[in-house]
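Trainee: This structure is in C-alpha cells; I'll ask about it shortly.
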Amino acid sequence: MVDINYGATFQSIRLDKNIKLSELAEAGITASFIGKFEKGQTRMSVDKFGRLLDKVNVSYAEFMMIGRGFQDSYFDQQFKEIASAIGSHRSARLKHILAQLQRREQIPVATALLEDFVSAFIFLMSMNPDISLAIGTQMTELNHRSLRAQHYLEKVDTWGEFEFHVLARFAFMMPADKVLIFARMAVQKAKKYSKAVRSYDDALSRLLFSLVSPMLYKDLTVMQDMLVMIKSYLLDHLNAENQMNYLFYEGMYWIAIGERKKGIAQTDKMIQIAADLAIDSQDQSAEESRGWRDAFIKSLDDDQSQPAWLFSIML
C-alpha cells in the first residue's frame with residue numbers, strides 16, 4: 001500500500017488547476033489553515049477535506065489515484081494499452097491485462113471499471129471478429145456490463161477528470177437516453193465549478209463532443225439535444241478549435257437528417273479552416289475529419305449501421 005501525503009497531493013492539484021488559496025477559503029476553513037494543511041503542519045477533518053475536494057472539482061477516487069502516483073494520464077494510458085490490444089484483435093493480450101488488473105492493488109473503483117471495460121471487449125471478440133459489428137448486436141449485454149460505471153457516476157457527488165474518462169469510455173455501451181442524462185449531469189457540474197476550476201469548460205467540451213459522434217448512429221434526437229446543450233451553455237466558453245468542432249458536428253447532423261448539401265457545405269468549410277490553421281505540416285486531422293464525414297455518407301448510402309471509424313472514436 002502506497003502512503004499518501006494528503007496535503008502535498010492537494011497542493012499539487014490546486015496548483016495544477018491554478019487556484020489560489022484565497023479562492024478556497026470559507027467559514028471555518030481559512031487560506032492560512034489550508035496552507036498549513038498542504039505543508040503537513042496541521043490536520044483536517046474529513047468533512048472539511050471533502051468540501052475542499054468539491055471546490056477543486058476532484059472526486060475522492062480521483063484524489064486517491066493521483067495521491068498514489070497515478071496522475072491524470074493514468075486512466076488514458078491504460079485505455080491506450082487496451083485499445084492497442086483491441087485494434088490488433090489480441091484477445092490473449094486483453095486477458096493478460098485483465099489478469100494484471102485483478103492482481104495489482106490499485107484504486108478499487110478505477111480497477112473495477114477497467115476490468116469491466118476489458119471483459120466487455122473479450123466478450124465482444126468471442127461474439128464476432130469484427131468488433132464494430134458485435135457492438136451493434138450486443139447492446140443489451142454491453143449495457144449490463146456498464147452498470148457499475150453508471151451506478152458510480154450516479155452516486156458520486158463530485159465529478160473530476162476521472163469521472164469524465166469513465167463516461168467517455170463507457171458511453172457507447174449505454175442506451176442513448178442514459179448517455180443524455182449523464183451529459184446533462186456533467187453540464188450541471190460545469191455550472192457549479194466554472195468559476196473555481198478554469199480548465200473545466202474545456203474538459204467538458206471534449207467530453208460532450210466524444211458523446212455526440214456515436215449518436216449519429218444511435219439516436220439523432222439525442223444528438224440534437226446534445227448540440228442544443230452545447231450551444232446554449234458552452235458555445236460562448238469554447239476556444240476556436242472547439243467551436244469548429246461544434247459546427248462540424250452540426251453539419252454532420254444535417255447530413256444525417258437528409259439536409260446533405262447544407263451539411264457537406266458546412267463540414268467542408270470547417271475542414272478547410274482546420275487545414276489552413278494547421279501549424280504542423282504533418283497534421284492530418286483535417287483529412288481525417290473529411291474521411292470520417294465521407295465514410296458516414298457512404299454508410300448512409302450503403303445502409304450500414306456502424307462503420308469502423310466510429311468504433312475507433314470510441315476508444
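Trainee: What pairs from K95/K155; K155/K178; K20/K48; K178/K261; K17/K39 go past 21 Å between their alpha carbons?
Mentor: In this structure, K95/K155; K178/K261 exceed 21 Å between Cα atoms.
Trainee: How big is the accessible area of Y246 in square angstrom, nearest 10, if you roll a 1.4 angstrom probe over the protein chains?
Mentor: Looks like 10 Å² after rounding.
Trainee: Taking amide hydrogens as modeled 1.01 Å from N in the peptide plane, which residues meet the under 5 Å criterion relative to V58, leaving out close sequence neighbours?
Mentor: Those lying under 5 Å, H to H, from V58: there are none.
Trainee: Put a dot 7 Å past each Cα toward the Cβ at A295 and L247; how far apart are the dots in nm?
Mentor: The two pseudo-label positions are separated by 2.5 nm.
Trainee: Restricting attention to the range 4-54, which trypsin sites (Lys or Arg not before Pro) occupy a DSSP loop and are surrounded by at most 14 other Cβ atoms within 10 Å?
Mentor: On the way: sites: R14, K17, K20, K36, K39, R43, K48, R51; in loops: K17, K20, K39, R43.
Here the sparse-neighbourhood loop sites are K20, K39, R43.
Trainee: Same structure, new question: Give the residue list of GluC sites (Glu not before Pro) in the range 108-183 that are DSSP loop and have at most 11 other beta-carbon atoms within 10 angstrom. It would help to have the intermediate numbers written out before the result.
Mentor: Numbers: sites: E115, E141, E154, E161, E163; in loops: none.
Sites meeting the loop and neighbour criteria: none at all.
The values are calculated or read from the model by the stated rules, or taken from the named source; none is laboratory data. Small disclaimer: the values here were computed from a predicted structure and weren't measured. Glycine also receives a Cβ, built like all others from the backbone with ideal geometry; neighbour counts cover every protein chain displayed. The protein model used for the area step is the full one, side chains on, heavy atoms only, and it has no ligands, DNA or RNA in it. Shrake-Rupley method; radii C 1.70, N 1.55, O 1.52, S 1.80 Å.
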